[in-house]
1. Check whether at least one residue in segment 248-256 is touching a Leu at 6+ places or on another chain (Cβ under 6 Å), surrounded by 19 or more Cβ atoms within 10 Å (Cβ to Cβ) and over 25 Å from Ala12 (Cβ atoms), and report yes or no.
2. What are the residue pairs meeting all of these: first residue in segment 74-87, first residue in a loop (DSSP other than H, G, I, E, B), second residue of a type in the set (A, V, I, L, M) and surrounded by 22 or more Cβ atoms within 10 Å (Cβ to Cβ), Cβ atoms under 6 Å, and 6 or more apart or on different chains?
3. Looking at Phe115, is it more than 19 Å from the chain's Cα centre (by Cα) and crowded, with 16+ Cβ neighbours inside 10 Å?
4. Being touching a helix residue (DSSP H, G or I) at 6+ places or on another chain (Cβ under 8 Å) and assigned to a loop (DSSP other than H, G, I, E, B) is the filter; apply it to segment 54-64 and report the residue that is nearest to Val151 (Cα to Cα).
5. Which condition number does Gln224 fail, the rest of (1) among the polar types (S, T, N, Q); (2) part of a loop (DSSP other than H, G, I, E, B); (3) within 19 Å of Cys245 (Cα to Cα) being met?
6. Give me a count of the residues in segment 234-253 that are of a type in the set (A, V, I, L, M), under 21 Å from Asp37 (Cβ atoms) and assigned to a helix (DSSP H, G or I).
7. Considering each residue of segment 41-57, count those that are surrounded by 24 or more Cβ atoms within 10 Å (Cβ to Cβ) and among the polar types (S, T, N, Q), and give that number.
8. Please identify the pairs in which a residue from segment 247-265 that is over 19 Å from Ser209 (Cβ atoms) has its Cβ atom under 7 Å from the Cβ atom of a residue that is part of a helix (DSSP H, G or I) and not β-branched (Val, Ile, Thr), counting only partners at least 6 apart or on another chain.
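The values are calculated or read from the model by the stated rules, or taken from the named source; none is laboratory data. Given the structure is predicted, the values throughout are model-derived calculations rather than measurements. Reconstructed Cβ throughout: ideal geometry from the backbone, glycine too, with neighbour counts over all protein chains shown.
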Amino acid sequence: MLKITTLVENTAIKARFRAEHGLSMLIEKDGELVLFDTGQTDALIHNAKLLGVDLSRIDKVILSHGHYDHGGGLKYLLDYAKPVVYAHPEIFRKRYSKLSDDGNLRYIGIEDREFFESRGARFVLSEEPIEVVKGVWTSGFVNMVNDFESVDKNFVYERDGELVKDNVDDDLSVFIELNSGLFVLFGCAHRGIINIMRQAEDTFDRCVSGFLGGTHLGPADELQRKKTIEALREMDLRIMGPSHCTGLLMTSRMYCEFGDRVVFNNVGVITVVED
């Protein structure tokens, strides 16, 4: 059995939970715990305690990419646990968004490797897929192969003193092997949910049966949104849990299209997938 508890997300289902622009999901499979992303603040700690999660048991963390709303909560977790952190080697890029209220660049990265290691984190960085616990894999580098998914044009990062377009090469997802097929968790899916799920299917030669997580369809253009919906119609997905950067409009649109197969994956939601 696979159990996924959403600890951080933009919306909360109960008054005591804290919501924020970010994402964190706790994976429980065959008695093993893996934390996928950490949100941006100590909301992770607050919500985990309300949900009865023993933070000291978390010894493995996967970070989807090096944006503050996915890795910012790690420094707070390190007060409770000293996990091994799995990520892509480019996760520590000094990255910025061109979108800000005052027209200036806004820093959207995380602290450097030395900062986290000084607090007890241990990093395993790889472009290749890694099996973190039995049946739970990082995606590795995601190839972009279709003609309608693209990375946000407003992202840049610092390289050799210059700012260059950030294609978020470190964007990782999680592939989980089940008897019923593959289950996929997205952080922000900057490189496209269809690209990611097709790569999962090619890697394991099995079909994806469901997903949870950020789809980045909120900021996407209408062509990408439309083409993504069309591609999802062709897939036999039992669970779709768009969250975080999907936005309320696209989540509602997906619910109108796919009905009860769509899960509103907010803080406090627990999704159980039978193996």
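1. No: zero hits.
2. Final answer for the pair search is Pro83/Val61.
3. No: the conditions fail for Phe115.
4. Ser64
5. All conditions pass for Gln224, except number (2).
6. 2
7. Summing the residues that are surrounded by 24 or more Cβ atoms within 10 Å (Cβ to Cβ) and among the polar types (S, T, N, Q) in segment 41-57 gives 1.
8. Listed pairs, sorted by first residue: Met250/Arg225.
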